[in-house]
Amino acid sequence: MDKFTPTIQQVSADERGEIYVVNLPDDRELVLLHSVAGSQRGGHSHNVDEVVVLLSGKMAYHKRSGSSRETMEVMHAGDSSFNEAGLIHMGFFLEDSWVIEQKLAKKGEWENFDYAPWRQEVTANAAG
């Protein structure tokens, strides 16, 4: 049996925190996000299903389905959320937080699609 050693690389860092990619076997990956209190991330959907796990902290997780139905749940450390392909989502971090995301597809098989109203909020938040 071949041994595989996961690798981790930082792919982004700004005043909101950092984003890391953890490379896994079979061309899969996890995304590890550190987000500081008051920051926002997301404002988009994906063409594949995704699982999100809040490892530590607290976040308000906003979702919008194609039918324009909006929901918001407050996630605490240990909570998880499943996003079906096409579900728009955005996190507002109420505490410094660590999150793991996994797209249920191989690298290169998924895309982000911005939802302009929420993406504008995220971009404005990142600009301070």
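The values are calculated or read from the model by the stated rules, or taken from the named source; none is laboratory data. What you see is a predicted model, and the numbers here were worked out from it, not measured in a lab. We place every Cβ from the backbone using ideal geometry, glycine too, and count neighbours over all the protein chains shown. These area figures cover heavy atoms from the full protein model, side chains too; ligands, DNA and RNA do not enter into them. Shrake-Rupley method; radii C 1.70, N 1.55, O 1.52, S 1.80 Å.
Assign one of three labels to region 18-72, namely rounded, prolate or oblate, based on the Cα gyration tensor with a ≥ b ≥ c the square roots of its eigenvalues; rounded applies when a/c is under 1.5, prolate when it is not and a/b is larger than b/c, and oblate otherwise.
Oblate is the answer for region 18-72, as a/c is 1.5 or above yet b/c matches or exceeds a/b.
Placing dummy labels 7 Å off each Cα toward the beta-carbon, the span from THR123 to ALA85 is 2.7 nm.
Run the helix sum for the chain: -39,500 (n - 2.57) per DSSP H stretch of 4+ residues, divided by residue count, reported at 222 nm to the nearest 500 deg cm²/dmol. Intermediate values should be presented prior to the final figure.
Working: 1 runs with 12 residues, N = 128.
Mean residue ellipticity, 222 nm, calculated: -3000 deg cm²/dmol.
Between GLU95 and GLU15, take the C-beta separation as r, use R0 = 25 Å, and let me know the FRET efficiency to the nearest 0.05. Plugging the Cβ-Cβ distance into 1/(1 + (r/R0)^6) gives 0.95.
A 1.4 Å probe, protein heavy atoms only, puts the accessible area of TRP110 near 60 Å². Rolled with a 1.4 Å probe across the full set of protein chains, the surface gives GLU111 an accessible area near 100 Å².
Evaluating 6.51 cos²θ - 1.76 cosθ + 1.60 at θ = phi - 60° for every residue in region 41-56, the Karplus couplings come out as 9, x, x, 8, 10, 10, 8, 9, 5, 9, 10, 10, 10, 8, 7, 8 Hz, glycine and proline recorded as x.
Listed highest first by mean packing, meaning other Cβ atoms within 10 Å per residue, what order do 43-53, 13-23 come in?
The densest-packed peptide leads the list: 43-53, 13-23.
Modelled spin-label separation between SER65 and LEU24, with each label point placed 7 Å from Cα along the Cα-to-Cβ direction: 2.7 nm. If you run the Gaussian network model on the chain, springs between alpha carbon atoms under 10 Å, then out of VAL74, VAL99, VAL31 the most flexible one is VAL74. Taking Cα atoms only, the orientation of helix 116-127 departs from the longest principal axis of the chain by about 80 degrees. Electrostatic tally near VAL48: other residues with Cβ closer than 10 Å to its Cβ, Lys and Arg +1, Asp and Glu -1, net -3. Of the whole protein surface, THR123 contributes about 80 Å² of accessible area at a 1.4 Å probe radius. Springs between alpha-carbon pairs under 10 angstrom, Gaussian network model over the chain: which of MET72, MET90, MET59 fluctuates most? Largest GNM mean-square fluctuation: MET72. Full extension of the chain segment joining PHE4 with VAL53 gains 15.3 nm, where the gain is 0.36 nm per residue of separation less the Cα-Cα distance.
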